[in-house]
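First up is the structure itself, then whatever we jot down about it.
Throughout, read-outs are computed from the coordinates displayed, never taken from laboratory work. Please read these numbers as outputs of a predicted model, since none were measured by experiment. Using ideal geometry, Cβ is built from the backbone for each residue, glycine included, and neighbour counts are taken over all protein chains shown.
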Amino acid sequence: MTERQAAILVAIIEQYAEVAVPVGSVTLAKLFGVSSATIRSEMARLEELDMIHQPHTSAGRVPTDKGYRFYVNRLTETEHNEVPRIDRSARAIEARVQTHVDRADRAIRSAVDSLVELTYNMGLATIGDELYLSGMSNLFSHPEFAGGVHAQEVARLIDNLEPWLREAAPHQPLNVYIGSENPIGKSSGACLIISRFRSPYSNASYIGVLGPTRQDYAKTMRLVRHAGTMLEEVL
């Protein structure tokens, strides 16, 4: 993949995350200052690489799970070389958690509730042997899960999250499962982003979010990672 093709893929992913509408060549041509024909040629190559695809109802393109994986890997590599950024959203999580530092369960719930509000996904965390869920209405308000097979598959994923986390015990500080990478509900079109942290309950506690693959990955990954790191420090 050339650098221009990678840049076009990034633009498609970020625009699609924002507007939930397939991205067309005219929009990208204006963004990159080239002709629509040039963009269509580059998009054809990205389709050959299985990074994007064309829904049958639209002339625009949307990312595939493979395209999202490329994007997330690129984000992860970039973040490894940067100093972690503590912005207003991260400080909002800290402020809520700090009011419950004497109660681990309330601190974790507060962090989850903050992630729900800031990312507009469903939040989750392990508290002892239980899985705390918050913001399910957020999850099913996304157009991807308005009904049909995707909604059923994401519901099945939720039903099986607790035993899967207990058995699989993802070991990375930040784990991102995109669409078909999910252990259950592979065709759900869902993205699971979870951070592992040490708590009074376990050395392998988890906090994270579940949402559509159409996601602001940079923001969501940063906030989930920050929530896990902060909880480990204060608890």
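Using a ≥ b ≥ c from the Cα gyration tensor of the stretch 171-225 (square roots of the eigenvalues), is it rounded, prolate or oblate, where a/c under 1.5 gives rounded and otherwise the larger of a/b and b/c decides, a/b for prolate? Judged from the Cα gyration tensor, the stretch 171-225 comes out oblate (a/c at least 1.5, b/c at or above a/b). Of Val19, Val224, Val116, which has the largest mean-square fluctuation in a 10 Å C-alpha GNM of the chain? Greatest mean-square fluctuation among the candidates belongs to Val19. Any aspartates and glutamates with Cα under 17 Å of the Lys30 Cα? List them, leaving off those in the same chain fewer than 8 positions away. In chain and number order, the partners are Glu14, Glu42. Comparing Arg88, Arg69, Arg222 in a Gaussian network model of the chain (Cα springs below 10 Å), the most mobile by mean-square fluctuation is Arg88.
Show that you can apply the helix-only estimate: for the chain, add -39,500 (n - 2.57) for every DSSP H stretch of four or more residues, divide by all residues, and state [θ] at 222 nm to the nearest 500.
Value at 222 nm, helices only, nearest 500: -16500 deg cm²/dmol.
I need the shape label for the stretch 1-61. Rule: rounded when a/c is under 1.5, else prolate if a/b > b/c, else oblate, with a, b, c from the alpha carbon gyration tensor. Since a/c stays below 1.5, the shape of the stretch 1-61 is classed as rounded.
Based on other C-beta atoms within 10 Å, arrange Val62, Val154, Val176 from fewest to most.
Values: Val62 19, Val154 26, Val176 23.
Fewest-to-most ranking of Val62, Val154, Val176: Val62, Val176, Val154.
Write down the Kirkwood hydrodynamic radius of the stretch 113-180, to one decimal in angstroms, obtained as one divided by the mean of 1/r over all alpha carbon pairs. 13.2 Å is the Kirkwood radius here. Taking 14 Å as the straight-line reach from the Cα of Lys66, the aspartates and glutamates in range (excluding those fewer than 8 positions away in the same chain) are Glu47, Glu48, Asp50, Glu181. Pairs of Cα atoms nearer than 8 Å and 6+ residues apart set the relative contact order; for the stretch 1-132 it is 16 percent.
Hey, what does the equivalent ellipsoid look like for the chain, semi-axes from the Cα gyration tensor as sqrt of 5 times each eigenvalue, largest first, whole Å? Show your work: numbers first, answer last.
Values: eigenvalues 226, 75, 44 Å².
They are 34, 19, 15 Å, listed from largest to smallest.
What percent does the relative contact order of the chain come to when contacts are Cα pairs within less than 8 Å and at least six residues apart?
RCO, the chain: 17 percent.
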